[in-house]
Amino acid sequence: MNIENDVFVVPGEKIATEEEFAAGHNTYVENGLIYSSVIGKVMKTEGSIDVSCSGREIKIIDRDMLIVGVVTDDMKNVTFVRIDDINVEGKDYLALKDGKIIAPKPRMGGGHFDRNGGGNRFSSPKPEKMCGIGDTILARVQYNDKDSYTLALNGPEMGVIFAKCEKCSGELEIKGERLLVCKDCTHKENRKISTLYNKPKEIKKLLILT
């Protein structure tokens with residue numbers, strides 16, 4: 001692989017290997033290969049390879065960045081999220097793959113004896129529901145894996161930022177720390193609710209700062 005200087009490249013395009021060059025500005029590395037993270041031209045300088053931005057700044061969503069996504073599937077231990085591209089302050093951040101939230105392992109409960117004297121038994125609490133299918137969430141990229149982003153909902157701002165009722169599709173509003181109630185049918189649902197729930201302007205400000 002040997003891309004020449006001044007060649008025009010796009011986000012996600014392979015430009016070199018780590019054996020040939022050190023990854024420089026506007027690039028990222030996966031499995032020993034160096035990729036462009038922006039639209040621009042290749043620049044090689046003394047063992048390093050960079051990409052100069054061309055016009056509008058376009059980057060790839062990466063580790064530690066905040067994302068906005070929609071929950072598409074909720075399995076026992078993994079929740080799948082479709083990640084949206086982000087446009088803030090003239091910058092485009094592209095999501096080239098979807099995300100997943102891995103449920104934390106439940107803590108083991110204290111031992112106790114059953115009523116029939118059957119010895120020491122341990123119970124583990126049922127994991128709390130973090131989000132539901134169709135919810136819009138704000139999350140942080142914990143790991144940039146090969147096929148998907150691993151997302152985390154740690155912190156008060158992370159969590160569900162908009163949701164609709166699973167019974168009637170009415171809008172849910174906050175009624176407690178983890179409680180959402182439908183405006184139309186009063187159905188109740190538990191979630192890991194962001195402090196920025198239904199506050200799009202504040203969410204945008206947070207995205208700009210990160």
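The values are calculated or read from the model by the stated rules, or taken from the named source; none is laboratory data. What you see is a predicted model, and the numbers here were worked out from it, not measured in a lab. All Cβ positions, even for glycine, are placed from backbone atoms using ideal geometry, and neighbour counts span all protein chains on display.
Quick one: in the stretch 37-73, of everything that is of a type in the set (Asp, Glu) and modelled with pLDDT of 90 or more, which residue is surrounded by the most Cβ atoms within 10 Å (Cβ to Cβ)?
ASP50
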Tell me, please, whether a residue that is assigned to a loop (DSSP other than H, G, I, E, B), assigned by TED's automatic domain parsing to the domain that holds GLY134 and touching a residue at least 12 places away in the same chain (Cβ under 8 Å) can be found in the stretch 66-74.
no
Out of all the residues in the stretch 126-181, which are farther than 20 Å from LEU196 by Cα, in a strand (DSSP E or B) and of a type in the set (Ser, Thr, Tyr)?
TYR143, TYR149, THR150
